[in-house]
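Data first, discussion second: the structure below is written as structure tokens.
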Amino acid sequence: MTSAPLLEAKGITKRFGTLLANDAVDLVVQPGEIHALLGENGAGKSTLVKILYGSLEPTAGQIVWKGKEVRLKDPAEARKLGIGMVFQHFSLFDSMTVVENIALALPNGQKMAELSRRIEQVSAEYGLPLKANSLVADLSVGERQRIEIVRCLLQDPQLIIMDEPTSVLTPQEAELLFKTLLRLAGEGRSILYISHRLEEVKRICDTATILRHGKLVAHCTPSEETASSLASLMVGSSVKSVQRDKVDFTDAPVLMRLDHLDLPASGPFAVELKGISLDLKGGEVVAIAGVAGNGQSELFDAISGERATAPDAVIIDDQSVGNKSITVRRKLGAAFVPEERLSHAVVPSLRLSENVLLTRHGSEEPSMMHKGVFIKRTKSGKIGQRIAENFDIRKGEPDPHAGSLSGGNLQKFVVGREIDRSPSVLIVSQPTWGVDAGAAALIRQALIDLAREGSAVLVISQDLDEIFEIADRIAVINKGTLSEAKPVEDMSLEKIGLLMGGVHGDDGSIDIPSVQSNAGAAEAGGSNAA
Amino acid sequence: MDFADALLVSIVTASTPLLLAAIGELVVERSGVLNLGVEGMMIMGAVCAFATSLTTGNPYLGILAGILGGAAMSLLFAFLTLGLVANQYATGLALSLLGLGFSGMIGENYVGTPGVKLPTLDIPVLSDLPVVGDALFNQDILFYIAILLVFFVSWLLFKSRWGLILRAVGENHNSAHALGYNVNRVRLYSVLFGGVCSGLSGAYLSLVYTNLWIENMTAGRGWIALALVVFASWLPWRTIAGAYLFGAVLILQFHAQGAGWEVPSQLLSALPYLATIVALVFISRNRTVARVNTPSCLGQSFVPDR
Ligand SMILES: Nc1ncnc2c1ncn2[C@@H]1O[C@H](COP(=O)(O)OP(=O)(O)OP(=O)(O)O)[C@@H](O)[C@H]1O
Ligand SMILES: [Mg+2]
């Protein structure tokens, strides 16, 4: 390429205490290209893009924008230059509506009503439908991801930085996003794209820069590589595949039962759960598929006890717990992994050992408390250590603050913390959100192994590849109702797509033909782990 | 003027300083800052207003001085908490104590001297209405300012761009920073606004309510105003209802004592705080209301992660 680069980063170095998160990284982004930034969890991708967006200051190195050296003292400066960013951990305002969240990122002078109309129209065009007046707090991470993306695109930036935008989108949503990105690149805009889904990187990215342990290790053209060659460039070795044997569950005991679970909507835009029934048997993995915002978060809240239901609607270990607290449920052997890892699953300012205590203080045997009052720090410390080892959590110090972990490493921690307990019932939402191929295989295998040891595992996920890889039975949630859970052999992408759009497929937001046309792509998307 | 008239007027007089201070603090808290120094800013406003109006003979200059007194205190608070990232709770408490002590020193020579009274502005026709006429339409300028401020703040917070940014900063300062907003600058302005309102409230006390300078004359009203913000669940309109309710309780306290009621006056003085606790319980029972209106970053300092 002979044209002048849009952005050039030279020798970017970032040190956190003793840890070198970026070590003299060079990056060149040309106008009109989609440039992938790859690397395993904790490689330093988010750190690098945060530096390019002015939200972190490099320890050393320079940034050249359109041929001129710039010093970005805060994100406001980067935005003025025309840089937009979709954060890995969202930068949204929970107590505000979608339109307010978006208005905050746009220049002044927009009428709210007009902007609402524009958001609904544009978001539908992008295939990321949003209701302008819903409250962010009521939305699932998938919907929040849509807001982040739409908000960034509406800013009309020259350089769009996307930190794992597709990790919680359905294949259909991702597909439409790619169309949009290709169109934007065609208009001469540049996109810096971070993803762990190598197949999509191969399909849409022109070039790739690969980081390992904070260092630049390779430049390549993704379309000329295979997913596994990319993966081995990232990891330095190849990725194990997930092993699953077939088991007959007819005689297995039911460990958790949802019985006609009803839950009123919590707000005008929230979803109402209607008559959800499901049996979870020991030994099996059941998955709930569905487009984000169809009641997944509500269902999780009801099962975990964040919202009370009729006593008999949730039965764990033969006891009615629908109106009982989460600790009671945990004592019965249940464990829960919510989808929002940073704001819900951990306290970012606490250390990992302290976060262990948060979910396990009541259920641990022998207790983690002396006389029920004083914390046994050595014990929680040891458990934290064990989780970190078993789940390969990369961290700069022995017991770091949860907020300083990279996104994928934090995800490994929140899932590992519960699996480590060997719960008899595990409810997990988005188990592999943002983890790299190797770690995804590790987590999926751990879920299957847990089940095969006799536990019941319920996985709520938007990732259909993941679901087909680990589930024994699959149910689909749509507008607050759950379809009957069917064995994985009887399910196909088409059937799931049909169920996602409602049985009659009338006003579902997904158009069914695109499910079929994407089936191949979706299958390929997960093959990086296989 | 019959008894009902007089009672209503006295309730309005007792409520206005609460309303002024609360509406200011509401803006401060919406931006994520908890300034516990309302009492101190208020009393500085009171003493500055009193001294200035006495020396110049002009109560309006007194109001201006009250504003400056409150604003100066709030700038001190802003310097410590936003500039030096001192703990907001401790700094606010210190500000209250400082204000009480410092105002006593300034006001030493004025104790017992009658002040200049702020004239009332009679709104023709309306002020002749029975019962409410005197209470609502024959009032001084500060009363009208208080009511207008509620309109203004409600518009500011929920209809204007500034309000959107201000609420965003109070809701999630990290996100606001990531979107390019200068969190501490927004907070500085809202703290200053809070200081101005507290200063006005103090001026009302020394120019209208007592028309005398008495040491510690705020007598805990700053704390009631703080409680009032929570009682109103951070919604401007509810501060009016709350201020008049709490004001009525204060007046009831006097009348109860006068009439020789059995109710201990301590219980009545505790009522605003009890009411606040009850309001808090109701707010936290309703997740959506709590989520939407409570500024999530309340009391947390912002230092960008670099
Ligand atoms: N604020 C911080 N303080 C200390 N260490 C940090 C901080 N932010 C990141 N790190 C460390 O820097 C390293 C790189 O993190 P980064 O978030 O850039 O990884 P990543 O490549 O984005 O990984 P992922 O794919 O998991 O999102 C990690 O080891 C992480 O623990
Ligand atoms: Mg990251």
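A protection proxy built from the mean count of other Cβ atoms within 10 Å ranks the segments B:170-179, A:351-360, most packed first, as B:170-179, A:351-360.
When only alpha carbons of segment B:1-144 are considered, Rg and Dmax amount to 17.6, 55 Å.
Summing -39500 (n - 2.57) over the DSSP H runs of n ≥ 4 in chain A and dividing by its residue number, what mean residue ellipticity at 222 nm do you reach, to the nearest 500 deg cm²/dmol?
It lands at -10000 deg cm²/dmol.
Based on C-alpha pairs under 8 angstrom that are at least 6 apart in sequence, segment B:11-166 has a relative contact order of 26 percent.
Expressed in nm to one decimal, what extension gain is obtained for the pair residue A:114 and residue A:215 from 0.36 nm per residue of sequence separation less their Cα-Cα distance?
Net length gain for the segment: 31.7 nm.
Couplings 3J(HN,Hα) for segment B:15-20, derived from phi with the Karplus relation 6.51 cos²θ - 1.76 cosθ + 1.60 (θ = phi - 60°), are 7, 4, x, 5, 5, 4 Hz, where x marks Gly and Pro.
Residue by residue, segment A:458-470 carries 3J(HN,Hα) couplings of 10, 10, 9, 8, 9, 8, 5, 4, 4, 4, 5, 6, 10 Hz when phi is fed to the Karplus relation 6.51 cos²θ - 1.76 cosθ + 1.60 (θ = phi - 60°); x denotes Gly or Pro. Listed from fewest to most Cβ neighbours within 10 Å, the set A:288, A:387, B:147 follows the order B:147, A:387, A:288. For the residues B:18, B:136, B:166, a GNM of chain B with alpha-carbon springs under 10 Å puts the largest fluctuation on B:136. The distance linking segment B:214-233 with segment A:36-104 is 43 Å (Cα centroid to Cα centroid, whole angstrom). Every pair of different Cα atoms in segment B:3-293 enters the Kirkwood calculation, which places the hydrodynamic radius at 19.3 Å.
Listed by chain and number, the lysines whose C-alpha is less than 18 Å from the C-alpha of residue A:371, apart from same-chain residues fewer than 8 away, are A:331, A:379.
Between amide H atoms placed 1.01 Å from N, distances below 5 Å from residue A:86 occur with A:161, A:162, A:163, all of them 5 or more places distant or on a separate chain. Take the Kirkwood radius over Cα pairs of segment A:254-491, plug it into Stokes-Einstein at 4 °C and 1.567 mPa s, and you get 72 µm²/s for translational diffusion. In chain B, the longest principal axis of the Cα atoms and the axis of helix B:265-285 are about 30 degrees apart.
Quick one: check the C-alpha center-to-center distance for segment A:387-437 versus segment A:133-180, whole angstrom. Comparing the Cα centres of segment A:387-437 and segment A:133-180, I get a distance of 24 Å. Within 10 Å of the Cβ of each residue in A:97-103, the mean number of Cβ atoms contributed by other protein chains is 2.
Taking the protein assembly as shown on its own, what percent of its Cα-Cα pair distances exceed 54 Å?
21
Max-minus-min Cα coordinates of segment A:7-235 on each principal axis give 48, 38, 33 Å, with the largest extent listed first.
Counting only helical runs of four or more DSSP H residues, what would the 222 nm mean residue ellipticity of chain B come to if each run contributes -39,500 (n - 2.57) and the total is spread over all its residues?
-23000 deg cm²/dmol
Measuring nothing but how far apart in sequence close Cα pairs (under 8 Å, 6+ apart) lie, relative to its length, chain A scores a relative contact order of 16 percent. Across peptide A:107-116, the average count of Cβ atoms from other chains found within 10 Å of a residue's Cβ is 1.
In summary, the lysines within cross-link reach of residue A:246, defined as a Cα separation below 18 angstrom excluding same-chain residues under 8 places away, comprise A:281, A:486.
Counting Cβ atoms of other protein chains within 10 Å of each residue's Cβ and taking the mean over peptide B:295-301 gives 1. Label separation (residue A:484 vs residue B:117): 8.5 nm, computed from points 7 Å beyond Cα along the C-beta direction.
Note the angle between two axes, namely the Cα long axis of helix B:161-171 and the longest principal axis of the Cα atoms of chain B, as a number of degrees from 0 to 90, rounded to the nearest 10. For helix B:161-171, the angle is close to 70 degrees. For chain B, the relative contact order is 36 percent, taking Cα pairs closer than 8 Å that sit 6 or more residues apart in sequence and dividing their mean separation by the residue count. Length, then width, then depth: along the principal axes, the Cα atoms of segment A:56-152 run 42, 27, 24 Å.
Any read-out appearing in this document is the output of simple, stated calculations on the displayed coordinates, not a laboratory observation. Computed from a predicted model, the values in this text were never measured in an experiment. Cβ: placed from backbone, ideal geometry, glycine included. Neighbour counts: every protein chain shown.
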